[in-house]
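Asker: Take this structure first; my questions come after.
The values are calculated or read from the model by the stated rules, or taken from the named source; none is laboratory data. Nothing here was measured: the structure is a model prediction, and the numbers come from that model. Glycine gets a Cβ as well: all are built from the backbone with ideal geometry, and neighbour counts include every protein chain shown.
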Amino acid sequence: MDKYDVIVIGGGPAGAACALSLMQHHNKSVLLLERSDFTQQRIGEQVSHSIFDFVDYLGLSPEDFGTDCFAPNYGKISYWGSDIESSHHSLFTAQGQTYQLDRAVFDETLLMAVVERGGTIIPRCKQIKVMLQDGLWQVQLSHPVQGDLDFQSDYLIDASGRQSKLGSSLGIERTVTDQLVGVGAFIHHPKRVFEQQQRIESCEYGWWYMAGLSKELAVVTCFTDVDLMKERKLNRPAIWNSHLAKTKVIASYLQGSHATQARLWVKQANSQFYSSAFPDKFVAVGDAVASFDPVSSMGIGFAMSSACHGVQALMNADTTAVQHYHRDIKRIFDEYTTTQSRIYQKEQRWMNNAFWQRRGFLVSPRRLVMSA
């Protein structure tokens, strides 16, 4: 049975940043396990200049990511609260220049750095099971080529994302504050060059988001609650397209465009966090420990920061360091929840509709039902 100092479950930016931090600053052997095969299209997002502080901390430079990974972002056009165009600010306003991130290039660069520095990455891992036994983490999984595999480690990191089931298998409780989902498609226009600009437009059942990912490709997503999606059948392409056509700004900008795939994708976008204590020699980072409404633009930035701070806490000789890290996560989530409610209250046109009624008042996560 192969043994590593640390096993990281999840190969997104948070997991890769954990692996790089462990090797760069703590000289640890690392095994990174990922459920996917890394071929799925990932959505880029706006990031602030502070992303380069984390890149530098991991021993990389912006040049390592090539010339097109961080494209200058020309802001957001928002129709939120009225039919008048306005600038839209994220929940936590970025300082300085902002950039549109090429997720494929960004993720690949981080993963290649892990391999180049001696880390081991295994994709397509299924049926991952973990257990702490005699002070060591036992990890079992099934692989389509290598069969059943067993590993041991001193430490375990959960970077497996918003839909992680790892925490529930370990008895960690999760607080969920809403049921937001994103229903979307990647859009191509044969003649148009998409600007690196985001467009947000609210409607009675939620809000629409559009952003250029490259000169040739854009992403369009409808954010609503899962029950409203089912009620309106928004996961059906024809109905989704009919609702998109009713948007006042996004539809006109996309005239002549077409989706790159016949099927829409549906992804969880709700706000949630791990709300009970962690086991020994364990930490969760990124969307696994806390995930946020996409309007916050906190995804990649939080993934990188929580990874660096989570690893630092896990490697600290003071066993209370992880507890302090977890309390910081809860504080960030509480602050985010308050600000999120204030942003949604700015939209008063559809307060009689279910989506907006659910977000019209400040809600304390502690009042919501705890679920694993």
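Asker: Name the residues in segment 175-202 that are part of a loop (DSSP other than H, G, I, E, B) and modelled with pLDDT of 90 or more, would you?
Answerer: T177, D178, Q179
Asker: Let me ask something else. Give the residues of segment 274-320 that are of a type outside the set (S, T, N, Q) and either on the phi > 0 side of the Ramachandran plot or not assigned by TED's automatic domain parsing to the domain that holds Q133 (or both), sorted by residue number.
Answerer: Within segment 274-320, K281, G286 meet the criteria.
Asker: Now for a different question. Which residues, taken from segment 230-284, are out of contact with any Leu (no Cβ under 6 Å at 6 or more places or on another chain), farther than 26 Å from H189 by Cβ and in contact (Cβ under 8 Å) with a residue 40 or more places away in the chain?
Answerer: Residues satisfying the conditions are Q268, S271, Q272, F273, Y274, S275, S276, A277, F278, D280, K281, A284.
Residue by residue, here is whether (1) over 18 Å from the mean Cα position of the chain (by Cα); (2) more than 15 Å from A218 (Cα to Cα); (3) modelled with pLDDT of 90 or more; (4) surrounded by 17 or more Cβ atoms within 10 Å (Cβ to Cβ) holds:
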residue: G66; (1), (2), (3), (4): yes, yes, yes, no
residue: S78; (1), (2), (3), (4): yes, yes, no, yes
residue: S87; (1), (2), (3), (4): yes, yes, no, no
residue: G96; (1), (2), (3), (4): yes, yes, no, no
residue: R103; (1), (2), (3), (4): no, no, no, yes
residue: E116; (1), (2), (3), (4): yes, yes, yes, no
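Asker: Restricting to segment 156-174, count the residues that are outside any loop (DSSP other than H, G, I, E, B) and in contact with a Ser or Thr (Cβ under 8 Å, 6 or more places away or on another chain).
Answerer: Going through segment 156-174 one residue at a time, the tally reaches 3.
Asker: Could you tell me whether segment 229-243 includes any residue that is part of a loop (DSSP other than H, G, I, E, B), in contact with a Gly (Cβ under 8 Å, 6 or more places away or on another chain) and of a type outside the set (F, W, Y)?
Answerer: no
Asker: Among the residues of segment 290-305, is there at least one that is free of Cβ contacts under 8 Å to residues at least 40 places away in the same chain and either buried (at least 20 other Cβ atoms within 10 Å of the Cβ) or outside any helix (DSSP H, G or I) (or both)?
Answerer: Checked segment 290-305: at least one residue is free of Cβ contacts under 8 Å to residues at least 40 places away in the same chain and either buried (at least 20 other Cβ atoms within 10 Å of the Cβ) or outside any helix (DSSP H, G or I) (or both).
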